[in-house]
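Colleague: This structure is in structure tokens; I'll ask about it shortly.
The values are calculated or read from the model by the stated rules, or taken from the named source; none is laboratory data. Computed from a prediction, not measured in an experiment: that's the story for all the values here. No Cβ is skipped: glycine too gets one built from the backbone with ideal geometry, and neighbour counts run over all protein chains shown.
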Amino acid sequence: MSETPDLDLVRDALSTSTLSHALKLIGDRWTMQILMAAFLGVKRFDDFQTRLAIPRRTLSDRLKAMVQMDMLRPRLYQERPERYGYHLTAKGMALYEATLMTWDWEHRFGENRIELPARLVHKTCGHAFLPQLACESCGESVTMRDLTMTLRPNPRLPHDTGGAMRTPKVTVSDGAMSHLALRMDRWTLMIVSAAVLGCRHFDQIAHVLRISPPLLSRRLAAMVDAGLLSVAPDREDRRRRVYLLTPSSRALFPYIVLVSTWASEHHFHEPSSIRPRHKACGKPFLPRATCGHCHERLRAWDVRFDTGEAA
């Protein structure tokens, strides 16, 4: 992207992106926590509640929403009283690669206070591994710097008018859970996306995200406190500040691009308005999570979780 992005184009591309619409549906920490637990084999309501320490009403609401989205399917396992287990559907399983990137982020940048498997083992090759973001066309490992972005607002997707959504206050003062809430928060991930597309000033971010200044101010302050952004005076205008991505926020990019792809392929069935291209092979970039050892694509049934204390 150029140093001065076309702000109206970025605004329209972000607001009609599959990412923005997907994060309105699953862009909160509890939904991702439920998914992570489901991939670890948790199925019953009480087990979700005990493992995640999630309020029962919140858990009930999230499970209901995930069933309505066909990410989970309830199965009766007890008749009196009626009790249901919640099983991942094919659509829910398709979020596995994005979930793996959450695990990778936590082990690289987290504070080890969230219960996660200590390591992952790829059954296909038999080795412990770290997931890598790769290009489906050429198989090469990819980072943000390996891509160019083309913006094409999609008129077939409903325009995101910034309607009502849960936007709880998010700080980093309450430990691991608040850190996770901040990283999985829709606005945090959209701010990272705006920065990827070249928006680095407060007014630019506010314009392209249609976010209120007070809310944006709180999110930026929390992200700086958490190390997700750095802030410095603008070299060309010392009265302004620039917000820059850090290694930890750049490491959220695999999750962001995989969620966007999941939404395109499995929910909206539409191309996103943000279209990356892999510089090395010249092909449109279709992201996949691969084994860092054998470089094969990762599937949920081919990965074993090893428990124990993280190294």
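Colleague: Could you check, for segment 68-82, whether at least one of its residues is surrounded by fewer than 13 Cβ atoms within 10 Å (Cβ to Cβ), touching a helix residue (DSSP H, G or I) at 6+ places or on another chain (Cβ under 9 Å) and modelled with pLDDT under 90?
Modeller: No, segment 68-82 has no match at all.
Colleague: If you don't mind, there's one more thing I want to ask. I'd like the residue in segment 242-272 that is assigned to a loop (DSSP other than H, G, I, E, B) and touching a residue at least 40 places away in the same chain (Cβ under 8 Å) and, out of all such residues, is surrounded by the most Cβ atoms within 10 Å (Cβ to Cβ).
Modeller: Result: SER272.
Colleague: Restricting attention to segment 133-152, does a residue exist that is at pLDDT below 70 and at negative phi?
Modeller: Scanning segment 133-152, I find no residue that is at pLDDT below 70 and at negative phi, so the answer is no.
Colleague: List pairs: first residue in segment 72-99 and free of Cβ contacts under 8 Å to residues at least 40 places away in the same chain, second residue part of a loop (DSSP other than H, G, I, E, B) anywhere in the structure, Cβ distance under 7 angstrom, at least six positions apart or on different chains.
Modeller: Listed pairs, sorted by first residue: LEU72/THR89; ARG73/THR89; LEU76/GLU82; THR89/ASP70; THR89/MET71.
Colleague: While we're here: Can you find, within segment 1-42, the residue that is nearest to ALA263 (Cα to Cα) among those that are of a type in the set (A, V, I, L, M) and touching a Phe, Trp or Tyr at 6+ places or on another chain (Cβ under 8 Å)?
Modeller: ALA22
Colleague: List the residue pairs whose Cβ atoms are under 6 Å apart, where the first residue sits in segment 34-51 and is closer than 18 Å to GLN78 by Cβ, the second is among the aromatic types (Phe, Trp, Tyr) and in a helix (DSSP H, G or I), and the two are 6 or more positions apart or on different chains.
Modeller: These pairs meet every condition: VAL42/PHE48.
Colleague: Let me ask you something else. For the subset of segment 92-133 comprising residues that are under 16 Å from ALA37 (Cα atoms) and basic (Lys, Arg), which member is surrounded by the fewest Cβ atoms within 10 Å (Cβ to Cβ)?
Modeller: Here the residue is ARG113.
Colleague: I would also like to ask the following. Is it the case that segment 84-91 has a residue that's under 18 Å from the mean Cα position of the chain (by Cα), surrounded by fewer than 18 Cβ atoms within 10 Å (Cβ to Cβ), within 22 Å of SER264 (Cα to Cα) and modelled with pLDDT of 95 or more?
Modeller: Yes: one or more hits.
Colleague: Moving on to the next point. So, in segment 27-50, exactly how many residues are among the small types (Gly, Ala, Ser), part of a loop (DSSP other than H, G, I, E, B) and either within 18 Å of LYS91 (Cβ to Cβ) or touching a His at 6+ places or on another chain (Cβ under 7 Å) (or both)?
Modeller: 1
Colleague: Under 20 Å from the mean Cα position of the chain (by Cα), modelled with pLDDT of 90 or more and crowded, with 16+ Cβ neighbours inside 10 Å: which single residue out of LEU180, LEU209 fits that description?
Modeller: LEU209
Colleague: Here's another thing I want to ask about it. Scan segment 198-215 residue by residue and report those that are part of a loop (DSSP other than H, G, I, E, B) and not basic (Lys, Arg).
Modeller: GLY198, CYS199, HIS201, ILE211, SER212
Colleague: Further, regarding this structure: Mind listing whichever residues of segment 276-311 are within 17 Å of the chain's Cα centre (by Cα) and closer than 24 Å to LEU9 by Cβ?
Modeller: Passing the criteria: PRO276, LEU286, PRO287.
Colleague: Would you mention how many residues in segment 51-95 are over 21 Å from TRP262 (Cβ atoms) and part of a helix (DSSP H, G or I)?
Modeller: 8
Colleague: Now a separate question. At pLDDT 90 or above, surrounded by fewer than 20 Cβ atoms within 10 Å (Cβ to Cβ) and under 30 Å from ASP234 (Cα atoms), is that true of ASP12?
Modeller: The answer is no for ASP12.
Colleague: Further, regarding this structure: Here are some residues: ARG275, ARG218, ARG304, ARG239. Which one is of a type in the set (D, E, K, R) and in a helix (DSSP H, G or I)?
Modeller: Exactly one of ARG275, ARG218, ARG304, ARG239 is of a type in the set (D, E, K, R) and in a helix (DSSP H, G or I), namely ARG218.
Colleague: Do you know which residues across segment 217-235 are more than 19 Å from the chain's Cα centre (by Cα) and either in contact (Cβ under 8 Å) with a residue 40 or more places away in the chain or surrounded by 13 or more Cβ atoms within 10 Å (Cβ to Cβ) (or both)?
Modeller: SER217, ARG218, ALA221, ASP225, SER230, VAL231, listed by residue number.
Condition check ((1) over 20 Å from the mean Cα position of the chain (by Cα); (2) among the small types (Gly, Ala, Ser)) across all residues:
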residue: LEU14; (1), (2): no, no
residue: SER17; (1), (2): no, yes
residue: ILE26; (1), (2): no, no
residue: THR31; (1), (2): no, no
residue: GLY41; (1), (2): yes, yes
residue: ARG56; (1), (2): yes, no
residue: LEU72; (1), (2): no, no
residue: GLN78; (1), (2): yes, no
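Colleague: What residue, among those in segment 273-311 that are in contact (Cβ under 8 Å) with a residue 40 or more places away in the chain and among the small types (Gly, Ala, Ser), is farthest from THR148 (Cα to Cα)?
Modeller: GLY308
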